[in-house]
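Report on the following structure.
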Amino acid sequence: MDANGHVNNAVFIRYLEEARIDFMRRLAPGGGSPSFTGGSVVARHEIDYVRQLVHRPEPVTVELWVTKISAASMTVGYEVRDEETVYVRASTVVVPYDFAEGRPRRITAEEKAILKEYLDDAAHQEGAVSA
């Protein structure tokens, strides 16, 4: 909580990060596939604080989905919510990154096919994942 008694904006960034990392780990197909096993970097965050969230024992859910896939980035959409209230709507542009080479890399065809299962550019309906 911050001095005003509600969840601080930096904490919401952490909620989004934890959900996004969990999502990316779930995407890795395994079986020796290199997809989603490398790193990524955040290129942009955009956050709309809809309602303040005060400290409480009940949990909130972070729902996320993919809103855009390009050759070398993807955009993830989020809602931080409970059953009745949306507290935050946000998006993050994520860039796959080759840390050994020290540069961004392209999204592979396999990664793109997997990401399309979570693509929803209108609203977060069937493709959303809760974390």
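The values are calculated or read from the model by the stated rules, or taken from the named source; none is laboratory data. The shown structure was predicted, so the numbers you read here are calculated from the model rather than taken from an experiment. Counting neighbours? That spans all protein chains shown, and the Cβs are built from the backbone with ideal geometry, glycine included. Just so you know, the surface numbers come from the protein's heavy atoms only, side chains and all, with ligands and any DNA or RNA stripped out. Shrake-Rupley method; radii C 1.70, N 1.55, O 1.52, S 1.80 Å.
Restricting the first member to region 86-115 and to residues that are in contact (Cβ under 8 Å) with a residue 40 or more places away in the chain and closer than 30 Å to Gln52 by Cα, and the second to residues that are open to solvent by 20 Å² or more (accessible area, probe 1.4 Å) and of a type in the set (Asp, Glu), the beta-carbon pairs closer than 8 Å and six or more apart or on different chains are Val88/Asp48; Arg89/Asp48; Ala90/Glu46; Ala90/Asp48; Ser91/Glu46; Thr92/Glu46. Given the criteria in contact with a Ser or Thr (Cβ under 8 Å, 6 or more places away or on another chain), within 18 Å of Met24 (Cβ to Cβ) and among the acidic types (Asp, Glu), does Glu111 qualify? Yes.
Checked against (1) farther than 20 Å from Glu110 by Cβ; (2) in contact with a Lys or Arg (Cβ under 8 Å, 6 or more places away or on another chain); (3) β-branched (Val, Ile, Thr), Ile69 passes all but a single condition, namely (1).
Is it the case, given these coordinates, that Leu53 is at pLDDT below 95 and in contact with a His (Cβ under 9 Å, 6 or more places away or on another chain)? It is true that Leu53 is at pLDDT below 95 and in contact with a His (Cβ under 9 Å, 6 or more places away or on another chain). Looking only at residues of region 26-54 that are farther than 19 Å from Pro104 by Cα and charged (D, E, K, R), we find that the one that is farthest from the chain's Cα centre (by Cα) is Arg51. Against the definition (part of a loop (DSSP other than H, G, I, E, B) and open to solvent by 30 Å² or more (accessible area, probe 1.4 Å)), how does Thr67 come out, yes or no? No. The requirement of being under 16 Å from the mean Cα position of the chain (by Cα) and more than 29 Å from His6 (Cβ to Cβ) is fulfilled nowhere in region 55-63; no residue meets it.
If the condition is being among the hydroxyl-bearing types (Ser, Thr, Tyr) and exposed (fewer than 15 other Cβ atoms within 10 Å of the Cβ), then region 1-54 contributes Ser33, Thr37.
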